[in-house]
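Report on the following structure.
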Amino acid sequence: MTRTLNRREFVAVGAATLAGAAVAKPLLGQAPALFVPKGIRPVVIASANGNRFRNGGPVTCVERAFRMMTEGSDVLDSLVAGVNIVELDPEELSVGYGGYPNAEGVVQLDASCMHGPRKRAGAVAALEGVRTPSLVAQRVMEETDHHLLVGRGAQDFARSMGFKIEEDLNTPKSRQLWLEWKRRIDPDHWLDPKKRADAGFRAGLGMVAEGLIDREHFYGTINCSGVNTKGEICGVTTTSGLAWKIPGRVGDSPILGAGLYVEDRVGAAGSTGRGEANLYGLSSFLIVELLRQGRTPKDAGLEALRRIVANTLERRLRDPKGRPNFQVDFYILDAKGDYAGVSMFPSKFAVCTEKGAETLATSSLFPEWPTR
Ligand code: ASP
């Protein structure tokens, strides 16, 4: 899906390029050539599942994305090809095919993507029946004047773009765990909707506590961002969202500025974890703004986490020590290729550089997970 820039985009990119070049080095006497900043270390960063799942193939998400990007493919095309591995892998229960379904047993997927150099973005939310929502988000970016299509409209759009629409994206495992969750909540629906939602959330947390589902996957997503040697930055986030969510619930992943934000020549930030916290504070946008002001990826991410702590007042969302009782992770890179994975509680993230792919510990705001 690599394409050339149209004239309007070429002029916009050229102007931005010249502005950047003017700051870095006077262009007197030089033809306006593409500004290639020196010393950029290409990198792809992702949530930890980006260096775990292979869908039966030889490479992980970050390996595929880094390789394509450094061989000259468009950065966003490379990242989307990377996350497609995770979306299609039935073993990954928080993304794409086989993702945890909603409270009615239907897999509803969210995804967004941003193309830094072209200043374009696309997203889908509550999309049913398509295994690779990131590709549909990319088509929204390419083919429409819009940034977000949801629900039935997103599915109709996907169909019109030639995507296969499937009746059911559950795998036996995702269905079995959903049935277990159903068994644990009031089957007669006597509770009012709020109590029922709270009961559903608590039942899910109980299953996490019992080790039935991974605590990192009660919420679960893949975010993946990259910068190439030209300093071009893109990002993508794709998810099945909160496990057993109320049908129609949309988290941060498809919302620009919340679960993903990219500003070319500045940086990219994306998130996994409790989407509501990022929707409230538009955390990814905040992080990129802090990068613009000169903060390092790690500092910017920790600041966003502190804001989440300050905004978390409700008792049900706090542990006995008053800290949030939920996880949020950020995956951040800047235009030089510096990067950080930060999280509320200890966690992991994936990265691929010229040294190869690695899974590293995040810098966490708190040293230990809350005890319940
Ligand atoms: N952030 C996603 C959401 O809230 C879920 C996750 O990353 O775990 O939908």
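Bear in mind these aren't lab numbers, they're just calculated from the coordinates by the rules spelled out. Note that the structure is predicted; figures quoted are calculated from it, not measured. Here Cβ is always computed from backbone atoms with ideal geometry, including for glycine, and neighbour counts include all displayed protein chains.
For the pair residue 319 and residue 307 in one chain, pulling the backbone fully straight at 0.36 nm per residue adds 2.6 nm over the alpha carbon distance.
Spin-label pair residue 246-residue 159: with each label point 7 Å from Cα along the Cα-Cβ axis, the two points sit 2.8 nm from one another. May I ask you to list the residues of the range 324-339 whose amide nitrogen lies under 18 Å from a point 7 Å from Cα along the Cα→beta-carbon direction of residue 354? Flagged as within label range: 334-339.
May I ask which of 245/298; 182/348; 230/355 have a Cα-Cα span longer than 23 Å here? Please list the in-between numbers first.
Details: 245/298 31 Å; 182/348 30 Å; 230/355 19 Å.
With Cα atoms farther than 23 Å apart: 245/298; 182/348.
Working out 0.36 nm times the residue gap between residue 104 and residue 293, then minus their Cα-Cα distance, what length gain in nm do you get to one decimal? Spell out each step's value before the answer.
Numbers: separation 189, 0.36 × 189 = 68.04 nm, distance 4.45 nm.
In short, 63.6 nm is gained.
Exposure proxy check: 303, 289, 104 ranked by fewest other beta carbons within 10 Å?
On the way: 303 16, 289 19, 104 12.
By the 10 Å Cβ count, ascending: 104, 303, 289.
Please work out whether the range 113-159 counts as rounded, prolate or oblate from its C-alpha gyration tensor, where a ≥ b ≥ c are the square roots of the eigenvalues and a/c under 1.5 means rounded, while otherwise a/b larger than b/c means prolate and anything else oblate? Prolate is the answer for the range 113-159, as a/c is 1.5 or above and a/b outweighs b/c.
Which FRET efficiency value, to the nearest 0.05, do you get for residue 229 and residue 279 by plugging their Cβ-Cβ distance into 1/(1 + (r/R0)^6) with R0 = 51 Å? It comes out at approximately 0.90. Close amide-amide hydrogen proximity is noted between residue 343 and 330, 363, 364, 365, each under 5 Å apart and 5 or more residues distant or on a separate chain (H modeled in the peptide plane; Pro and chain starts excluded). The phi torsions of the range 118-127, fed into the Karplus equation with coefficients 6.51, -1.76 and 1.60 and a -60° offset, translate into couplings of 8, 6, 10, 8, x, 7, 9, 9, 6, 8 Hz, rounded to whole numbers, with Gly and Pro shown as x. Each peptide in 160-170, 250-260 was scored by the mean count of other Cβ atoms within 10 Å over its residues; highest first, the order is 250-260, 160-170.
Fewest neighbouring Cβ atoms within 10 Å first, the residues 290, 212, 205 line up as 212, 205, 290.
Here the peptides 226-235, 265-274 are ranked by packing, the mean other Cβ count within 10 Å, and the order with the highest first is 265-274, 226-235. Label separation (residue 145 vs residue 368): 5.7 nm, computed from points 7 Å beyond Cα along the C-beta direction.
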